Amino acid sequence: GQIINLADYRPTDFVLERVDLTFDLHPTETKVEARLIFHRREGVDANAPLVLDGDELVLSGLLLDQSELPAGQYDATPEGLTVRNLPESAPFELTITTVINPEANTQLMGLYRTGGIYCTQCEAEGFRRITYFPDRPDVLAPYTVNIIAEKEANPLLLSNGNFLGGAGYGEGKHFAAWFDPHPKPSYLFALVAGDLGVVEDTFTTSSGREVALKIYVEHGKEPRATYAMDALKRSMKWDEERFGREYDLDIFMIVAVSDFNMGAMENKGLNVFNDKYVLADPETATDADYANIEAIIAHEYFHNWTGNRITCRDWFQLCLKEGLTVYRDHEFSADQRSRPVKRIAEVRHLKSEQFPEDGGPLAHPVRPTTYREINNFYTTTVYEKGSEVTRMIATLLGRDLFKKGMDLYFDRHDGQAVTIEDFVSCFEDVSGRDLTQFSLWYHQAGTPLVTASGAYDANAKTFTLSLEQMVPATPGQTVKKPMHIPLRLGLLAEDGGPITPASVTGAELTDDVLHLTKKAQTVTFHGIPSRPVLSLNRSFSTPINLQFSQSTEDLALIARYETDHFARWQALIDLGLPNLLQAARDARQGADITCGSAFTDALLAAAADESLEPAFRAQALALPSESDIARELGGNNDPDAIHAARQTIIKRIAEAGKDVFTVLYDGMQTPGPFSPDAASAGRRALRNAALGYLSQLDETPARTKAAYDAANNMTDLSAALTILAQRFPDTAETAAALAHFRDRFADNALVIDKWFAIQAAIPGAVALERIRLLMETPLFKRTNPNRVRSLIGTFVFANPTGFGRADGAGYNFLADEILEIDQRNPQLAARILTSMRSWRLLEPVRADHARSALTRIERAAGLSTDVRDIVERILK
Ligand code: HT7
Ligand code: ZN
């Protein structure tokens, strides 16, 4: 794969007017006829040839305006089709026939088979595996799609847009025709054919149009799709109310498939989903599953306007649709559930996934300028940091101006393929604000470090805040400019009440947003009657690392009184983290581990505080993960020491909080029938957190086993099984529960994924043997991405002691697996390989083993572009 540069962008020489596709489906020999109407773009050289993309294609027919072309007029290779001597300005029709093999398509890109059905995945560059095409997002056209297939095996023939009609088609076959009037790029094309069950409903839009809603799942699984349907209707309503966006076709369809590389895909009018993000019932889905389904259904639906109606000019602009749509789904979930709890979960995720990416060898700007393999840029930086950048625009402008900017964006660019600059201009135009410096958030990689210190002058009644910012060097970007950083803040009096300054000098302060724009800035708050406690970066208004030393008393005050509940949670983390870091250092030295009582007191006070929602209290009780601690330590890391340290601190909290946890465990029941609503989920989360701590004090698994036996929903069942596996891994009770769980859910692959993941996360050097044994069970299928992610993915991403065992066997295992998976599914292999992105933070012995394993991958013959790109960047 060659390197693609943003600077080389230019529009196509030919304009695509219309697309007319006919698929004659066959498991191994599907015939695709593409009739494409083009004309030469004005001003383009009359000799310029038409160059179309292909990937592993074989041309079996080519007509120009219905006539055969002489051999010399075109060149066809698996990777492309070039046609010369085309009309100078008149439109012409090219009819291209290809024959493809869906059954042999193990990459899951293009047209493939999953669970006996035909299905497509075209983003980013899958369409070129179906037919020769200008396969880029700035080529938009209306599509007509005709599908012919065996009727008995494929009663259902689906594509984008509105249904035109269908009929019998010769012996045992039938056909259906679809028309999508909205011009779209090829990456949004979809086709599904097969035999599926359906859940149906309708939605009446704000202007009174009735839309048919259909969710297709395997026969018999229909009852498990009702929550997804409910989430879809809530999403449609929310997008009308919050963003004024109405749906624009007569039908909206979702198809759930069991083999899928990512979470879901927003194809116009025909979303395709990983079934993990559709199917749920209380017996098989956890509260987290329900929340994910709600978020992903919303995300794909929201793409209809942010992505589909307005799409990306080129793949460098991916964050234009992804960052914005993640922001929209975050806001949706915040409105549907608890805003502060949702924000805490987002920030946890951002810090544990995006911060390590931004601080390591794979760091790249939210809007990159170069790539080798676009599939490797569907990253947490593009998605999650991209969402944070959108959130900061909303913070800078305020809710009303942000809404105005979005309205302008929808008005101005509907039907277009645009850039980040186009998006940002809309907000400049409605606000009159210059967002040039702010736009560095799109262009500069790396997490800014802001250092803060404050001083109170009792005589002058001023509080002076000194701020300094530094953006670390990242691959390809050594020199950075100061960014525009919107810091929300609050000043608290000693009694916890708010202090409102009379005035502020040294920086713009709008409401509670302080604008840090210089490398160093001194801000003075005037009219401050007593020493204030500063709460900085409320709601995580900006994605930075903050260095601000505050006394434990001040942090405890914030944890207790801040009106911003996110800030309360952050204060608890800030109280706890130094204890965890010191404990890890002590464990590495073989010294005793201690834990300050200020932290445990504040934590237990929050856990017991009945004025706080249970979900918040559960979040407070969940300590930073071992990987979070490793990231904060920043180098020479020993996973075993980190694990030992964290476990010791957990034990100390359990000892100090025994009574609190007993009360919570006994009292936080959820009476009545199961409901997945956020409040009930919060109670379950808090009760299970209490059980986790209590189990630390238990000598035997009896209490946890009893919880397992009593559980009447998957949240409680899997929580109890996780605690058994983590706390009592080698007991008969745990073995019995694991066997029971397997036997009970053996016919439900998505639940078996939980069984794999729970075991894959059991710490310690023996984990690898466990993984190898589990890979031998008939329940494990190497060809299914969900199975691979739950067993191998959990091991490499979420089991630092097992994967990072000192002899390097874990890294070697990973190298073997990557090479194996890469043969079949390069995208999946590349993604799992990113688990090595922080290898340089390891202590030298492990780092050596990691480097050898990576080098072995790098030197292997026949690597995919996907894996080659990742391994070379990680090793650089
Ligand atoms: N826009 C979708 C991205 C996606 C994808 C990308 C590469 C390969 C396979 C894929 N499946 C889905 C999903 C989304 O962000 O909504
Ligand atoms: Zn998306």
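Evaluation of residue 328 against the conditions (1) away from ligand 1 (no atom under 13 Å from the Cβ); (2) in a helix (DSSP H, G or I); (3) closer than 20 Å to residue 230 by Cβ shows that the sole unmet condition is (1). Say whether the condition of being more than 30 Å from residue 335 (Cα to Cα) and touching a residue at least 24 places away in the same chain (Cβ under 8 Å) is met by at least one residue in region 680-691. No, because not a single residue in region 680-691 is more than 30 Å from residue 335 (Cα to Cα) and touching a residue at least 24 places away in the same chain (Cβ under 8 Å).
Every condition in (1) in contact with an Asp or Glu (Cβ under 8 Å, 6 or more places away or on another chain); (2) outside any loop (DSSP other than H, G, I, E, B); (3) buried (at least 21 other Cβ atoms within 10 Å of the Cβ) holds for residue 363 except the one numbered (2). For the subset of region 861-874 comprising residues that are without any contact (Cβ under 8 Å) to a residue 60 or more places away in the chain and farther than 22 Å from residue 56 by Cα, which member is surrounded by the most Cβ atoms within 10 Å (Cβ to Cβ)? Looking at residues that are without any contact (Cβ under 8 Å) to a residue 60 or more places away in the chain and farther than 22 Å from residue 56 by Cα, I get 871.
Considering the conditions (1) touching a Gly at 6+ places or on another chain (Cβ under 8 Å); (2) within 16 Å of ligand 2 (Cβ to nearest atom); (3) not assigned by TED's automatic domain parsing to the domain that holds residue 424, residue 263 is excluded by exactly one of them, (1).
Quick check: is even one residue across region 292-302 more than 15 Å from ligand 2 (Cβ to nearest atom) and among the small types (Gly, Ala, Ser)? Looking through region 292-302, none of the residues is more than 15 Å from ligand 2 (Cβ to nearest atom) and among the small types (Gly, Ala, Ser). Scan region 453-495 for residues that are touching an Asp or Glu at 6+ places or on another chain (Cβ under 8 Å) and farther than 13 Å from residue 525 by Cβ and the total you get is 2.
The criterion of being surrounded by 21 or more Cβ atoms within 10 Å (Cβ to Cβ) and either modelled with pLDDT under 95 or away from ligand 1 (no atom under 16 Å from the Cβ) (or both) does not hold for residue 310.
Is region 152-167 home to any residue that is in a loop (DSSP other than H, G, I, E, B) and polar (S, T, N, Q)? Scanning region 152-167 turns up at least one residue that is in a loop (DSSP other than H, G, I, E, B) and polar (S, T, N, Q).
Which of the residues that make up region 322-347 are within 13 Å of ligand 2 (Cβ to nearest atom) and of a type in the set (S, T, N, Q)? The answer is 325, and nothing else. Does residue 848 satisfy the condition of being assigned to a helix (DSSP H, G or I) and in contact (Cβ under 8 Å) with a residue 60 or more places away in the chain? The answer is no for residue 848. Could you go through region 344-363 and let me know if any residue there is modelled with pLDDT of 95 or more and within 11 Å of ligand 1 (Cβ to nearest atom). There is no residue in region 344-363 that is modelled with pLDDT of 95 or more and within 11 Å of ligand 1 (Cβ to nearest atom). For region 698-715, residues that are within 31 Å of the chain's Cα centre (by Cα), of a type outside the set (Phe, Trp, Tyr) and in a helix (DSSP H, G or I) total 2.
When each of 334, 298 is tested for being under 28 Å from residue 715 (Cβ atoms) and without any contact (Cβ under 8 Å) to a residue 12 or more places away in the chain, the lone residue that passes is 334.
The set of residues in region 274-292 that are under 20 Å from residue 828 (Cβ atoms) and part of a helix (DSSP H, G or I) comprises 275, 276, 277, 292. Mind listing just one residue for me: the one in region 754-786 that is surrounded by fewer than 15 Cβ atoms within 10 Å (Cβ to Cβ) and aliphatic (A, V, I, L, M) and, of those, farthest from residue 828 (Cα to Cα)? The qualifying residue farthest from residue 828 (Cα to Cα) is 766.
Condition first: over 20 Å from residue 416 (Cα atoms), in a strand (DSSP E or B) and more than 16 Å from ligand 1 (Cβ to nearest atom). Can you find one or more residues in region 115-133 that meet it? Checked against the condition, which is being over 20 Å from residue 416 (Cα atoms), in a strand (DSSP E or B) and more than 16 Å from ligand 1 (Cβ to nearest atom), region 115-133 yields at least one hit. Given the structure, is residue 389 crowded, with 17+ Cβ neighbours inside 10 Å, hydrophobic (A, V, I, L, M, F, W, C) and within 16 Å of ligand 2 (Cβ to nearest atom)? Here the answer is yes, as residue 389 does meet what is asked.
Can you tell me which residue within region 464-478, out of those that are in contact with a Gly (Cβ under 6 Å, 6 or more places away or on another chain) and outside any loop (DSSP other than H, G, I, E, B), is surrounded by the most Cβ atoms within 10 Å (Cβ to Cβ)? Selected residue: 465. Of everything in region 821-845 that is of a type in the set (Ser, Thr, Tyr) and not in a loop (DSSP other than H, G, I, E, B), the residue that is surrounded by the most Cβ atoms within 10 Å (Cβ to Cβ) is 834. In region 17-40, what residues are more than 22 Å from residue 154 (Cα to Cα), out of contact with any Ser or Thr (no Cβ under 7 Å at 6 or more places or on another chain) and surrounded by fewer than 20 Cβ atoms within 10 Å (Cβ to Cβ)? Selection gives 17, 18, 37. Is it true that residue 290 is buried (at least 24 other Cβ atoms within 10 Å of the Cβ) and at pLDDT 95 or above? Spelling it out, it is not the case that residue 290 is buried (at least 24 other Cβ atoms within 10 Å of the Cβ) and at pLDDT 95 or above.
For region 303-319, filtered to residues that are within 11 Å of ligand 2 (Cβ to nearest atom) and part of a helix (DSSP H, G or I), the residue that is farthest from residue 338 (Cα to Cα) is 318. The residues of region 525-551 that are more than 25 Å from residue 350 (Cβ to Cβ) and surrounded by 18 or more Cβ atoms within 10 Å (Cβ to Cβ), listed by number, are 525, 528, 532, 533. The single condition among (1) in a helix (DSSP H, G or I); (2) within 16 Å of ligand 2 (Cβ to nearest atom); (3) not hydrophobic (A, V, I, L, M, F, W, C) that residue 356 does not meet is (2).
A quick yes/no check of all residues on (1) acidic (Asp, Glu); (2) surrounded by fewer than 18 Cβ atoms within 10 Å (Cβ to Cβ); (3) not in a helix (DSSP H, G or I):
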site: 202; (1), (2), (3): no, yes, yes
site: 219; (1), (2), (3): no, yes, yes
site: 225; (1), (2), (3): no, no, no
site: 240; (1), (2), (3): yes, yes, no
site: 247; (1), (2), (3): no, no, yes
site: 260; (1), (2), (3): no, no, yes
site: 272; (1), (2), (3): no, no, yes
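The values are calculated or read from the model by the stated rules, or taken from the named source; none is laboratory data. Computed from a predicted model, the values in this text were never measured in an experiment. When we count neighbours, we look across all protein chains shown, and the Cβ atoms used for this are built from the backbone with ideal geometry, even at glycine.
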